[in-house]
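Can you keep this structure in mind? I'll have questions shortly.
The values are calculated or read from the model by the stated rules, or taken from the named source; none is laboratory data. This structure is a prediction, so every number in the text was calculated from the model and none was measured. Every residue, glycine as well, gets a Cβ built from its backbone with ideal geometry; the counts of neighbours run over all protein chains shown. Please note that ligands, DNA and RNA were not included when accessible areas were found on the heavy atoms of the full protein model with its side chains. Shrake-Rupley method; radii C 1.70, N 1.55, O 1.52, S 1.80 Å.
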Amino acid sequence: MKKLASILKNKEIMGRIVFTIMILLIFRIGAQVPVPGASIPDESALHTYLTSNNALSIMNLLGGGTLQSFSIFALGVSPYITAQIIVQLLATDVLPALTDLKRQGQYGRKKMELATRYLTLLLGAVQAYGIIKTMESSDFVTFTTGDQAWLTYVYVVIVLLAGSMLVMWLGDQISTKGIGNGISMIIFAGIVSSLPSQMSTAFTTWVSQGFYTGMDSAAVAGVFKFLLYVLSYLLIIAFVTFTELAKRKIPVQHSGKGGGQTASMAKASFLPIKINSAGVIPVIFASSILTAPSVIIAFIDSSKSNAEWLGIFSTTTMYKMGDNFAMPWGLIIYLVLTVAFTFFYANLQIAPDQMAENFQKNGSYIPGIRPGNETERYVRKVLNRVTVLGAISLAIIAAIPPILTLTGVFGGNNSLALGGTGMIIVVGVALELNSQIDGLLAGKSFDEVVASGGQ
């Protein structure tokens with residue numbers, strides 16, 4: 001309560017919060033505006049398709065259901081996230097030009113961000129066309145086309161691209177004038193907006209129908225199922241929060257460079273390494289790779305966008321290869337990619353080689369470890385060991401929805417599947433917001449102390 005009172009008294013924080021809420025409101029209004037000329041014949045069928053953890057479900061999740069209504073914001077920030085990952089991968093000594101920009105400080109970051117935006121346009125156009133052809137061939141969406149159908153496709157792609165760029169601009173406004181990371185807040189708002197509907201559906205399915213039928217046993221069982229469902233959600237949130245906060249602290253000392261400072265006066269601190277340094281990025285990237293085959297097929301021949309062999313990339317399909325027994329190959333590929341990208345992206349985020357170089361420049365060192373290559377090897381070894389736990393945790397969380405769907409726990413109503421991936425984003429953004437608010441409050445308190453002359 002004391003913290004809440006401090007937030008309400010702080011005009012800067014309240015202004016940022018109100019501005020963020022207004023931007024998110026604009027986003028939610030735009031998410032309800034359908035693409036002109038597009039219609040959805042059967043919304044329930046499309047809803048079932050997008051909640052069955054297929055290749056497009058992660059995109060619908062990140063957009064907060066915008067793909068489900070085929071709104072102007074249907075692409076969301078998915079192309080930007082994919083472009084950002086690709087640029088970061090290419091900057092790891094793959095493209096020398098990007099590697100040089102990465103080392104040029106603020107100027108280099110601006111240039112890399114510009115390259116990311118251009119790549120976003122390209123990926124967005126490809127992704128938009130693939131989605132259009134996939135959903136059209138499945139009769140989920142129809143378009144009012146004239147004599148030249150290709151003009152309709154160009155028009156819809158431009159509308160979706162413009163919507164995606166507008167969402168990115170809204171995110172930028174939150175980052176500069178609001179509170180929190182703008183892109184993360186957009187995704188956060190989309191996921192949270194779907195939670196009330198999911199809980200309402202669960203309550204109606206188990207509790208309301210049980211009492212409506214008048215069967216006491218069914219009503220009691222329904223209440224028990226609903227309570228168990230809510231408890232499961234809370235347990236997932238607790239598990240995600242634990243994995244987000246868990247970290248390994250490596251002791252670091254900073255040797256004195258000034259005159260008169262002895263080794264005993266060296267300042268001690270810690271280098272925190274989270275067990276999940278990669279966040280939710282590996283899940284998003286793995287999903288993008290699983291989406292790629294259907295998008296490519298849609299370009300080559302849209303009539304084959306629902307070919308049976310594409311079932312191997314579906315996380316909720318038991319696919320049979322030849323005479324062998326059926327296996328959830330899509331889920332297996334998904335989890336392997338998630339684990340692999342967790343290790344790769346964790347090393348990309350922490351960058352042990354650059355960290356060792358910075359330690360050497362700043363006169364910092366890890367007790368008992370020599371500066372330079374030995375420090376790099378030590379940090380990398382600790383990072384990889386810690387990431388084993390993070391990768392396993394992320395794989396478990398990402399596997400919860402498709403496994404529940406495969407087992408048929410919800411009786412075919414896949415919209416009730418517990419969203420582990422969504423919870424990673426929600427919890428991560430909530431913790432980030434809490435840290436930023438604490439920082440703003442601490443900054444304000446410091447300003448008040450300075451203004452009062454330290455009294």
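Quick one: is residue 170 surrounded by fewer than 16 Cβ atoms within 10 Å (Cβ to Cβ) and either farther than 30 Å from residue 50 by Cβ or not polar (S, T, N, Q) (or both)?
On the way: surrounded by fewer than 16 Cβ atoms within 10 Å (Cβ to Cβ): no; either farther than 30 Å from residue 50 by Cβ or not polar (S, T, N, Q) (or both): yes.
When the stated conditions are applied, residue 170 does not pass them.
Does the range 363-378 contain at least one residue that is polar (S, T, N, Q) and under 19 Å from the mean Cα position of the chain (by Cα)?
Within the range 363-378 (the criterion being polar (S, T, N, Q) and under 19 Å from the mean Cα position of the chain (by Cα)), the answer is no, since none of the residues qualifies.
Only one residue in 360, 349 is of a type outside the set (A, V, I, L, M, F, W, C), in a helix (DSSP H, G or I), open to solvent by 80 Å² or more (accessible area, probe 1.4 Å) and within 19 Å of residue 82 (Cβ to Cβ), so which one is that?
349
Of all residues in the range 363-386, which are open to solvent by less than 70 Å² (accessible area, probe 1.4 Å) and not in a helix (DSSP H, G or I)?
Restricting attention to the range 363-386, the residues satisfying the condition of being open to solvent by less than 70 Å² (accessible area, probe 1.4 Å) are 363-367, 369, 372, 374-376, 378-379, 382-384, 386.
363, 364, 365, 366, 367, 369, 372 - these are the residues of the range 363-386 that are open to solvent by less than 70 Å² (accessible area, probe 1.4 Å) and not in a helix (DSSP H, G or I).
Given the options 430, 442, 391, name the one that is at pLDDT 80 or above, open to solvent by less than 20 Å² (accessible area, probe 1.4 Å) and part of a helix (DSSP H, G or I).
391
Let me ask another. Scan the range 69-81 residue by residue and report those that are at pLDDT below 85 and either within 15 Å of residue 37 (Cβ to Cβ) or surrounded by fewer than 23 Cβ atoms within 10 Å (Cβ to Cβ) (or both).
Within the range 69-81, 69, 81 meet the criteria.
Counting just the residues of the range 249-293 that are modelled with pLDDT under 55 and aliphatic (A, V, I, L, M), which one comes out surrounded by the most Cβ atoms within 10 Å (Cβ to Cβ)?
266
Moving to a separate point now. Helices (runs of 4 or more DSSP H) wholly in the range 1-60 with at least 3 residues that are in contact (Cβ under 8 Å) with a residue 40 or more places away in the chain and exposed (fewer than 14 other Cβ atoms within 10 Å of the Cβ) - which ones?
Details: elements: 2-9, 11-30, 43-50.
It comes to none.
Among the residues that make up the range 119-126, is at least one of them under 22 Å from residue 297 (Cβ atoms), touching a Leu at 6+ places or on another chain (Cβ under 8 Å) and buried (at least 17 other Cβ atoms within 10 Å of the Cβ)?
yes
Sort out which residues of the range 112-170 are of a type in the set (S, T, N, Q) and not in a helix (DSSP H, G or I), and write them in order of number.
Residues satisfying the conditions are 138, 142, 144, 145, 148.
Continuing with the same structure: Restricting attention to the range 127-151, report how many residues are of a type in the set (Ser, Thr, Tyr), more than 17 Å from residue 69 (Cβ to Cβ) and at pLDDT 80 or above.
Result for the range 127-151: 1.
Something else now. Condition test on residue 354, is it part of a helix (DSSP H, G or I), modelled with pLDDT under 90 and either of a type in the set (Gly, Ala, Ser) or under 19 Å from the mean Cα position of the chain (by Cα) (or both)?
no
Additional query: May I ask you to list the residues in the range 127-153 that are closer than 30 Å to residue 89 by Cα and surrounded by fewer than 20 Cβ atoms within 10 Å (Cβ to Cβ)?
Result: 129, single match.
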